[in-house]
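Note sheet for the following structure.
The values are calculated or read from the model by the stated rules, or taken from the named source; none is laboratory data. Quick caveat, the model's predicted, so the values are computed rather than measured. Neighbour counts are summed over all protein chains in view; Cβ atoms, including those assigned to glycine, are modelled from backbone coordinates with ideal geometry.
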Amino acid sequence: MQSVNRLSVSSPGQKRQMSAFKTDLGVLKRIARTFVPYKGRVSFILLILLVTTALGIVNPLLVRAVLDDAIMNHNMQHLILYATIALIASLLGGLASIAQTYFNSVIGQNIMRDFRNQLYVKLQSMSFRFFTSTRTGEIQSRLSNDINGAQNALTDTFTRAVTCILNAIVTIAAMLYVSPLLTLISVVLLPLFLWITYKSGKMRRRTSLATQQTMASLHALMQETLSVSGVLLIKTLGRQKMVQGRFKTENQKLTELGIQQRMIGRWIMFLFDTFFTFTPTIIYIVAGWQIIHSAQGASITIGGIVAFTAFQSRLFNTFSQIFPLQLDLQSSLALFERIFEYLDLPVEIHDAPDACTLEPELVKGEIAFKAVSFTYKDALTSFGKLKAPGQKQNGQTASQSGHATPFTLDDLSFTIKPGQLVALVGPSGAGKTTITYLIPRLYDVDSGAVEIDGHDTRDIKLESLSSLIGIVTQESFLFHATVRENLLYASPEATEEEMIAATKAAAIHERIVELSDGYDTVVGERGYRFSGGEKQRMAIARTILKNPRILILDEATSSLDTQSERLIQAALEPLMKNRTTIAIAHRLSTILSADLILVIDKGRIVEQGTHRELLAHEGLYANLYQQQFSQQAALDAV
Ligand code: ATP
């Protein structure tokens, strides 16, 4: 409806409004398509709606028959007949609306289940970049709030819209049947009624919006000024009077708006009451005049007048729902638009049509970077069209608008032979983690290629690629599940013996058996909390179980106590054995045992060689070694 209004307004933004109208139409068409699998049930609902609408006009017609026939002709039998029909009609109406509610919820729930599934699958297929550039709250809100809202639209708003249309058609037909002249008078009064409804709705919305805004700023003020840090700042700066003043002003505004809102509601009620008294009065005058002045019997009877006024108020009631319905429809369309927007997101990283599967046992584990360049494209380049709450029109968030030059890996070439350990060393922010992200295709290179055993990673199926690679990060993530479930996550088919062998190798078995339920202890958010070092050993055990050909290891920068360090060291040894390892090295032992050290700075390899060679070179590595590791070496020597 709003779209129709937009069309009739001639303004400089007309083109934009036209395109908004087209979008609404497109969204509506797409929503209609989601009903296709349920078309049988939808037709049944339409039939039920038609029956309930038709039953709605039975009562006034029965009243007419009771007055004009049964009572006028003193016919008791007819009276009982009409009363019985009224009873049956009301029973049927009730039963029909129960059936309608049932089918409505079946369709609504099914469509929502389909949307939830599609969205979840879609989100799982999205690239790492998507998740690093989208707020988690935003993703969850689309999956839960938007879908729930859209479900209300499906089960309520759309049915109301169809009921409104059917009601209007059936009621006008019934009115025409009773009296064409009175129908004409009522239709002439409709614009006046619509104008009152439109104006009153607009006034209501304006005050309710102002109330919400005032309430929001009052809440924000309370949050800011009653938080620990807020209170501390206010007290130390002596600004109590100022914040009290601000609070009182907002509070006063809220009070006035509350009164205004109540009074507007009262005036609107008065206008509607007057209208609903005034319009039947016109009908009484015109129809009464017809009866009084007609010599051979008027075209309308007393019963006809009663039935007609009932139809008339039914018609106005139906039309009174148009504007609120239009608003509900508009917000429902916006919800669907947000869902479709996610469903339509481009999947950045996916399998090539002819991608191959590599058998893990046959993979030697050679990794080659060939003239690789990569830039963290602004998230907006990929997902810029997303409309997120709090985002500006062009998709930029406030924090992103002043973006500096994005980080770039520049022309990297190196080869890691099967079974070698390569250590990546460099200052913070040099690009070490980024390099490791390119191997499992968390990001795709912009140019050049990353190869495993001579296969470009983009030519390997993603599932196959991930089966070849194991990653142990600094922050090991454990699901809210049992220790066993967490361990078997990467290799569900592993036996109990294999699992225990892995935890023993990772030096975590003894800690696990000490827990209240051993391997069945629930860990994670609301379960047992492992320490940082224990979590990392759990992750190492999980990776040992997965037994990948290639290991990516991001060593923890945060210092652990010596005991934990030793345990992790002990856990890592069996993990690195017999597989190609690329380690972001923060431990001296890793660096010393590395077959090759790549020194990274500002996205480039600036030095490479063994520890001895690089120390002799007296470049960046020698500097870093002096700063970070010489102390560690001295301590280890003690
Ligand atoms: P550290 O040793 O501190 O972990 P690093 O050498 O591993 O550092 P990276 O994490 O690879 O460095 O980051 C390299 C650069 O890329 C940094 O400047 C970082 O800010 C930037 N960067 C990292 N992730 C993203 C991202 N998702 N989008 C944009 N820039 C990013």
(request) For the range 365-379, indicate whether the set of residues that are under 19 Å from the mean Cα position of the chain (by Cα), under 22 Å from Arg135 (Cα atoms) and either modelled with pLDDT of 85 or more or surrounded by fewer than 18 Cβ atoms within 10 Å (Cβ to Cβ) (or both) is non-empty. (result) no
(message) Condition check: within 20 Å of Leu424 (Cβ to Cβ) and assigned to a helix (DSSP H, G or I). Does Thr503 satisfy that?
(response) no
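So that you can scan it fast, the table gives a plain yes or no per residue for (1) assigned to a helix (DSSP H, G or I); (2) without any contact (Cβ under 8 Å) to a residue 40 or more places away in the chain; (3) of a type in the set (A, V, I, L, M):
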position	(1), (2), (3)
Glu224	yes, yes, no
Leu233	yes, yes, yes
Lys241	yes, yes, no
Glu256	yes, yes, no
Ile264	yes, no, yes
Thr281	yes, yes, no
(message) I'd like to check something: does the range 102-125 contain any residue that is of a type in the set (Lys, Arg), out of contact with any Asp or Glu (no Cβ under 7 Å at 6 or more places or on another chain), surrounded by 19 or more Cβ atoms within 10 Å (Cβ to Cβ) and in a helix (DSSP H, G or I)?
(response) no
(request) Return the total of residues in the range 468-496 being assigned to a loop (DSSP other than H, G, I, E, B), more than 30 Å from the chain's Cα centre (by Cα) and more than 26 Å from Ile452 (Cβ to Cβ). (result) 1
(request) Examine the range 170-180 for a residue that is among the small types (Gly, Ala, Ser), assigned to a helix (DSSP H, G or I), touching a Lys or Arg at 6+ places or on another chain (Cβ under 8 Å) and within 23 Å of Gln321 (Cα to Cα), and state whether such a residue exists. (result) no
(request) Determine which single condition Leu343 fails, assuming it passes every other condition in (1) over 22 Å from Asp459 (Cβ atoms); (2) over 16 Å from the mean Cα position of the chain (by Cα); (3) at pLDDT 90 or above. (result) (2)
(request) Kindly provide the set of residues from the range 452-483 that are more than 16 Å from the ligand (Cβ to nearest atom), out of contact with any Pro (no Cβ under 8 Å at 6 or more places or on another chain) and closer than 26 Å to His586 by Cα, ordered by number. (result) Ile452, Phe477, Leu478
(request) Could you grab the pairs with beta carbons closer than 7 Å, sequence gap of 6+ or different chains, first residue in the range 427-442 and under 14 Å from Thr375 (Cβ atoms), second one assigned to a loop (DSSP other than H, G, I, E, B) and more than 6 Å from the ligand (Cβ to nearest atom)? (result) Gly431/Gly603; Tyr437/Tyr443; Leu438/Val445
(request) Could you please let me know if Val445 is touching a residue at least 40 places away in the same chain (Cβ under 8 Å), not charged (D, E, K, R) and not in a loop (DSSP other than H, G, I, E, B)? (result) no
(request) Give the number of residues within the range 127-144 that are away from the ligand (no atom under 14 Å from the Cβ) and either part of a loop (DSSP other than H, G, I, E, B) or buried (at least 19 other Cβ atoms within 10 Å of the Cβ) (or both). (result) 1
(message) Looking only at the range 412-443, filter to residues that are out of contact with any strand residue (DSSP E or B) (no Cβ under 7 Å at 6 or more places or on another chain) and closer than 23 Å to Ala490 by Cβ; which one of those is farthest from the ligand (Cβ to nearest atom)?
(response) Arg441
